[in-house]
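Got a structure for you, written out below as structure tokens; questions coming shortly.
Where a number appears in this text, it was derived from the coordinates with a stated rule and is not lab data. Keep in mind the model is a prediction, meaning the values are calculated, not measured. Note that we place each Cβ from the backbone using ideal geometry, even for glycine, and neighbour counts take in every protein chain shown.
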Amino acid sequence: MNASQVAAQLKTVFAGDDLDLMATLLAPDVRWGDDEDTDTTCHDRAAVLDFYRALHARGVTARVAETVTGPDVVVARLDIDWPGPEADERPRNEYQVFSLTGGLVTDIRGYPDRAAALAAAGL
């Protein structure tokens, strides 16, 4: 799958909270987190899906509002709705950089703004 196809699939994933479709986009050893490992860093497909599942169970929803693609990368702006008290504490949008290898997402990183995400993606 190329980056444009992955971007389209990510829109579908987030529009319907479709974790089955998300699973098909992720490499088995996908990593999600910052450069340094923390308690919330995910190191494989199951951990990423569990993280999304936990967010959904808490009532968090997100939709892809914008995508920018490069040869092996998708930058997506997620508009996020947080439930209850978290709504005032959490960002309303975040940029996620989805790096691809062989058409599968191998790395996911979050950035607070578009410029930082595009720079990290080399775009």
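Work through the residues other than residue 67 whose Cβ is under 12 Å from its Cβ and net out their charges, Lys, Arg +1 and Asp, Glu -1. Could the numbers behind the result be given before it?
On the way: positive: 11, 63, 77, 114; negative: 66.
Residues close to residue 67 contribute a combined charge of +3.
Same structure again: Please compute the modelled spin-label separation between residue 44 and residue 92, points set 7 Å along Cα→Cβ, answer in nm with one decimal.
For residue 92 paired with residue 44, the spin-label model returns 3.9 nm.
Estimate the FRET efficiency between residue 63 and residue 37 by the formula 1/(1 + (r/R0)^6), using the beta-carbon distance for r and 35 Å for R0, to the nearest 0.05. Spell out each step's value before the answer.
Numbers: r = 29 Å, r/R0 = 0.83.
FRET efficiency, residue 63 to residue 37: 0.75.
Okay, moving on. How high is the relative contact order of the chain, given as a whole-number percent (alpha carbon pairs under 8 Å, six or more residues apart)? Let's see the in-between values first.
Details: 222 pairs, mean separation 31.5, N = 123.
Taking the mean separation of contacting Cα pairs over the length of the chain, I get 26 percent.
For residue 2 and residue 17 in one chain, what is 0.36 nm times their gap in residues minus the Cα-Cα distance, to one decimal in nm?
Taking residue 2 through residue 17 to full extension adds about 3.2 nm, to one decimal.
For the chain, what does the helix formula give at 222 nm: sum of -39500 (n - 2.57) over DSSP H segments with n ≥ 4, over the residue count, nearest 500 deg cm²/dmol? Intermediate results must be reported in sequence, preceding the final value.
Details: 5 runs with 46 residues, N = 123.
For the chain, the value works out to -10500 deg cm²/dmol.
Would you please give the FRET efficiency between residue 53 and residue 29, computed as 1/(1 + (r/R0)^6) with r the Cβ-Cβ distance and R0 = 22 Å, to the nearest 0.05? Walk me through the intermediate numbers first.
Numbers: r = 19 Å, r/R0 = 0.87.
After rounding to 0.05, the efficiency reads 0.70.
Another question, then. Please report, in whole Å, how far the alpha carbons of the chain spread along each principal axis, starting with the longest.
So the extents along the principal axes, rounded to whole Å, are 39, 30, 30.
Can you tell me the dipole magnitude for the chain around its Cα centre, using point charges on the Cβ only (Lys, Arg +1; Asp, Glu -1), in Debye to the nearest 20? Walk me through the numbers before you get to the answer.
Values: 11 positive and 21 negative charges, 89 e Å.
Dipole size: approximately 420 debye.
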